[in-house]
1. For a quick check of your reading of the model, give me the residue pairs whose first member lies in segment 44-73 and is basic (K, R), whose second is assigned to a helix (DSSP H, G or I) and more than 12 Å from the ligand (Cβ to nearest atom), with beta-carbon atoms closer than 7 Å and at least 6 apart or on different chains.
2. Can you name every residue in segment 134-168 that is part of a strand (DSSP E or B) and either within 11 Å of the ligand (Cβ to nearest atom) or closer than 21 Å to G315 by Cβ (or both)?
3. Restricting segment 12-41 to residues that are more than 11 Å from the ligand (Cβ to nearest atom), part of a loop (DSSP other than H, G, I, E, B) and not polar (S, T, N, Q), which is nearest to G127 (Cα to Cα)?
4. Exactly one of (1) buried (at least 21 other Cβ atoms within 10 Å of the Cβ); (2) over 30 Å from I6 (Cβ atoms); (3) within 15 Å of the ligand (Cβ to nearest atom) is unmet by S200. Its number?
5. Just the residues that are small (G, A, S) and surrounded by fewer than 13 Cβ atoms within 10 Å (Cβ to Cβ), please, taken from segment 238-261.
6. State which residue is nearest to the ligand (Cβ to nearest atom) when the search covers only segment 42-68 and only residues that are buried (at least 20 other Cβ atoms within 10 Å of the Cβ), modelled with pLDDT of 95 or more and assigned to a loop (DSSP other than H, G, I, E, B).
7. Determine whether segment 169-181 contains at least one residue that is more than 30 Å from A71 (Cα to Cα) and buried (at least 22 other Cβ atoms within 10 Å of the Cβ).
8. Within segment 350-369, can you find the residues that are touching a residue at least 12 places away in the same chain (Cβ under 8 Å), in a helix (DSSP H, G or I) and not basic (K, R)?
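The values are calculated or read from the model by the stated rules, or taken from the named source; none is laboratory data. The structure displayed is predicted, hence computed values, not measured ones. Please note: Cβ atoms are built from the backbone with ideal geometry, for glycine as well, and neighbour counts cover all protein chains shown.
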Amino acid sequence: MAEFVIAGGGIGGLAAALSIARQGHRVEVLERNDTFAELGAGIQLAPNAFHALDRLGVGARVRAAAVQIDALRLLDARSGDSLATLPLGPEYRRRFGNPYAVVHRGDLYAPLLEACREHEGIVLRAGVAVAGYEHTPSGVRVLPVSGMPVEADGLIGADGIRSVVRTQLVGDGPPRVSGHTIHRAVVPMDHVPPALRFDSVCLWAGPGWHFVHYPITSGRKLNLAITRDDGARVAVSAVPTDREQVLAGFPDLHDTARRLLALGRGWRTWVLCDRPAVATWTDGRVVLTGDAAHPMLQYAAQGACMALEDAVLLGDLLDRPSPGIAEQFAAFNAERRDRTARAQEAALWMGRNLYHPQGDEAEARDKILAGLSPGDLMDAVSWLHAHRC
Ligand SMILES: Cc1cc2nc3c(=O)[nH]c(=O)nc-3n(C[C@H](O)[C@H](O)[C@H](O)COP(=O)(O)OP(=O)(O)OC[C@H]3O[C@@H](n4cnc5c(N)ncnc54)[C@H](O)[C@@H]3O)c2cc1C
């Protein structure tokens, strides 16, 4: 039995804690915030995430509040024409072995947190910010911003896109500002006219912008997110934004979508960031996971799914015979590097080529999509959605 510290108690950190503790190790999770909580709105979970959640023993609890949607729909944001539909019904579920579902982030986080609290091998410490680490002859010393260092056999940096563990380990500076601004809001479904309630993820693609909406919280709420590639240079997070400002930014949105957008209240704005893929996320007995290792834009809806896959593999590898933890972490890095880099690239590609093209490029996209059958679309996402860890 070994002792691990995890820096960061987000989705990735808690999932890693569960996975490692389930192999009989002890885990201490250090979270800089005063409480363990996940803010924000909706999140899409593909079958690869449900495979991972099942392996962590929380799949049933997450499914209980998830909305299993019937399709991913891409529409022209101005004309309302359908550009492509990926059906997510029985055939998709049979092929991928699990549903594609949408949840409120809290409905993913709460089961992970509950399972961590129930596990006697896991200690959760809120209000402890990690500042860095030192190698010791027998392990690693985790240095908090204040308070006593924590000795461990291994450190997992799950501290997100601005990870301090990554700063020390990779040293590649602040994340890349994408230049994409996203406004998000959540609406009670009671406020949505029945004719505007869709059991799908609907994505309205405009020139240099797109609008996404889907139901969450067992269908009791509607998640709205509208993004523009506006070249914003400064990262911002959850800034309250006037409804009128959001509406005025998208004057040529199709009427159906515009009526949905107009329902939004309490809008908040983010300018999104990512990082180019790097090959190495280990330093002896220190390793990165989730957004600390491979942050990506949201366009493939896979960042959290990848963090869950990471967590399962990390636990599995710590159970395999190996000369030591540094070697197990290196094996984890080697097994995850190509897949996560491909997902980072796919997210960029989808934003550029599917959601935001303009003029001739948009026409070319429409022609290609018109020639694809539902089976072709399923084949296209298979490498992402079919993965079983
Ligand atoms: C707009 C948007 C939409 C998205 N939609 C989807 C989607 O549909 N599907 C999907 O799979 N993914 C989606 N993602 C990506 C997903 O949100 C992330 O990939 C996922 O949350 C990463 O989890 P994480 O635990 O690695 O990092 P984080 O969620 O960032 O958690 C890091 C944790 O570490 C803590 N922390 C930070 N620094 C320290 C420190 N020094 N010491 C201690 N604790 C620290 C933080 O407080 C936080 O709790 C989306 C992202 C965005 C921005």
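1. Note: pairs meeting the criteria are R55/V312; R61/P111.
2. Step one: filter segment 134-168 for residues part of a strand (DSSP E or B), giving 134-136, 139-144, 150-152, 154-157.
Matches in segment 134-168: G139, V140, V142, L143, P144, V150, A152, G154, L155, I156, G157.
3. Going through the qualifying residues, I end up with H25.
4. It is condition (1) that S200 fails.
5. Result: A238, A248.
6. A46
7. Keep residues of segment 169-181 that are more than 30 Å from A71 (Cα to Cα), which gives 169-177.
Going one step further and asking which of them are buried (at least 22 other Cβ atoms within 10 Å of the Cβ), we end up with 169.
Yes, there is a match, as at least one residue in segment 169-181 is more than 30 Å from A71 (Cα to Cα) and buried (at least 22 other Cβ atoms within 10 Å of the Cβ).
8. Within segment 350-369, M350, G351, N353, L354, Y355, G359, A362, D366, L369 meet the criteria.
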